[in-house]
Amino acid sequence: SIGRPELVSSLVKYYKNCNINFSADQVVATIGGCEAILIAFMAVMDVGDDIVVFEPYYSNYAGIAAMAGVNIVSIPTSVEDGYRLPEKSVIEKAITPKTRAIMYASPGNPTGTVYTREE
């Protein structure tokens, strides 16, 4: 199910007011964030593919990746620099031919870090 039509149309209208335009057929309403992440993993990756994430990361990512059959490639961040994203070269080094996605959340979970536009 893509979600109740009333919810989907409300989401389209809400985002249109934020100058983000898409149609109802581009919306999938889920029961929660983990389900949405699993659907996204399965939509963009095949079994055995890699996804780059920044550590520390939400612990459920590991289970979601296992359910999708994908590998997490983690890049550490540190409290000393406020869990900021690393330099571009560090991220590029983690990317391989099997990489299909780079995932980050802002604000970060569990750190609460809000990334800048430059990041």
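Listing for the model above:
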quantity: Where trypsin sites (Lys or Arg not before Pro) fall in DSSP loop in the range 28-119, at most 16 other Cβ within 10 Å; calculated: R84, K98, R117
quantity: Cα centroid of the range 3-55 to Cα centroid of the range 80-114, whole Å; calculated: 20 Å
quantity: Probe 1.4 Å, accessible area per residue of the chain, Å²; calculated: 68 Å²
quantity: Rule-of-thumb Rg ratio for the chain [Cα; 2.2 N^0.38 Å; N residues]; calculated: 1.20
quantity: Other-chain or far-sequence residues with amide H under 5 Å of N71's (modelled H); calculated: G48, D49, D50, I51
quantity: Distance in nm between pseudo-label sites at V90 and I20 (7 Å out along the Cβ direction from Cα); calculated: 2.7 nm
quantity: For the range 56-119: rounded, prolate or oblate by the Cα gyration tensor [a/c cutoff 1.5]; calculated: oblate
quantity: Helix-only CD estimate at 222 nm, as mean residue ellipticity for the chain, using -39500 (n - 2.57) per DSSP H run (n ≥ 4); calculated: -10000 deg cm²/dmol
quantity: Rough spin-label spacing in nm, given labels placed 7 Å along Cα→Cβ, for Y115 and V73; calculated: 1.6 nm
quantity: Between 0 and 90°, nearest 10: helix 5-17 axis offset from the chain longest Cα axis; calculated: 70 degrees
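The values are calculated or read from the model by the stated rules, or taken from the named source; none is laboratory data. Nothing here was measured: the structure is a model prediction, and the numbers come from that model. Here Cβ is always computed from backbone atoms with ideal geometry, including for glycine, and neighbour counts include all displayed protein chains. When the accessible area is computed, the model is the full protein with side chains, heavy atoms only, and any ligands, DNA or RNA have been set aside. Shrake-Rupley method; radii C 1.70, N 1.55, O 1.52, S 1.80 Å.
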